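Shown next, in structure tokens, is the structure this report addresses.
The values are calculated or read from the model by the stated rules, or taken from the named source; none is laboratory data. Values in this document were obtained by computation on a predicted structure and should not be read as measured data. Don't worry about glycine lacking a Cβ; one is built from the backbone with ideal geometry, like all the others, and counts go over all protein chains shown. Surface accessibility is based on the protein's heavy atoms, side chains included, excluding ligands, DNA and RNA. Shrake-Rupley method; radii C 1.70, N 1.55, O 1.52, S 1.80 Å.
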Amino acid sequence: HLILGKGLPVILTLTLSILSAVGAYEMLHNTGIVKNNIIMGISCAMAFLLVMLFSLYGIAAGMSAYFVFVAVILTVSLAVHEKTSYKELVASQAYTLFLSYSFYCIDNIIQNYGKFAFLMIFIFAWATDTFAYFTGVFLGKRKLCPKLSPKKTVEGSIGGVLGCVVCTAIACIIFKNNGGEVNMWIFVPATIIFSI
């Protein structure tokens with residue numbers, strides 16, 4: 001079947017590129033950060049293109065295109081400077097790079113660490129949040145950091161980490177029993193860091 005970049009299937013590369021463009025639109029338009037439609041359109045197109053370039057030609061090609069994008073945005077801003085703020089220019093450049101590179105990293109994780117590692121990113125987040133919530137609701141008494149998050153508790157945090165470790169161990173066992181290769185003795189202890 002067709003392959004792009006480091007072995008990422010075409011459909012996934014295109015999906016990631018589209019998600020990157022949609023993400024750029026969400027971050028820039030729906031938050032009200034960027035009001036200029038020209039800068040918005042260029043940023044979304046570039047967010048799409050950068051994922052493709054990173055996947056097809058690597059980081060150097062993507063970053064070269066990004067610097068061209070910065071030059072284009074700054075040039076366009078000269079024509080619409082009365083309607084454009086520095087905040088819009090900085091946000092469009094930063095979010096475009098951040099989102100496109102983040103979506104590209106999905107390819108790196110899958111290629112360098114496998115599908116299991118990619119799946120574990122979600123398990124870390126979901127298991128930690130779920131166990132922290134329920135442990136906090138039923139056992140939580142001591143506030144963790146009330147100024148930042150009034151409802152989080154020390155007990156909830158500990159429950160979240162322990163729950164995540166258990167879920168990771170179960171996921172490793174299931175993966176191994178289905179023919180996958182994973183070093184449980186590295187993955188499970190590392191889960192504590194990821195969960196925190």
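Calculated FRET efficiency, L14 and I59, Cβ-Cβ r, R0 25 Å, to nearest 0.05?
Once the sixth-power term is evaluated, E becomes 0.80.
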Phi to ³J(HN,Hα) by Karplus 6.51 cos²θ - 1.76 cosθ + 1.60 over segment 103-109, Hz, x for Gly, Pro: 5, 5, 4, 4, 4, 4, 5
Whole-angstrom gap from segment 67-103 to segment 148-195, using each part's C-alpha centre: 39 Å
Around Y113: net Lys/Arg minus Asp/Glu count, Cβ-Cβ under 12 Å: -1
Degrees separating the helix 10-25 axis from the principal Cα axis of the chain, which is the longest one: 70 degrees
Whole-number accessible area per residue in Å² for segment 1-142, which is evaluated in the context of all protein chains at 1.4 Å: 58 Å²
FRET efficiency for K147 and S102, using Cβ-Cβ distance with R0 set to 35 Å, rounded to 0.05: 0.75
Potential lengthening between L78 and A125 on full extension [0.36 nm per residue; Cα-Cα distance subtracted]: 12.6 nm
If the convex hull is drawn through the Cα atoms of the chain, its volume per residue in Å³: 145 Å³
Peptide ranges 105-111, 13-19, 92-98, 173-179 listed from the most packed, as the mean C-beta count within 10 angstrom indicates: 92-98, 13-19, 105-111, 173-179
Straight-distance crosslink candidates among lysines, where the alpha carbon sits under 16 Å from K176 and sequence neighbours closer than 8 are dropped: K115
3J(HN,Hα) from dihedral phi, segment 83-98, Karplus parametrisation 6.51/-1.76/1.60, rounded to Hz, x for glycine, proline: 10, 10, 9, 4, 4, 5, 5, 5, 4, 4, 6, 5, 5, 4, 5, 4
Extension gain (nm, one decimal) between V68 and I173, 0.36 nm per residue minus Cα-Cα: 33.0 nm
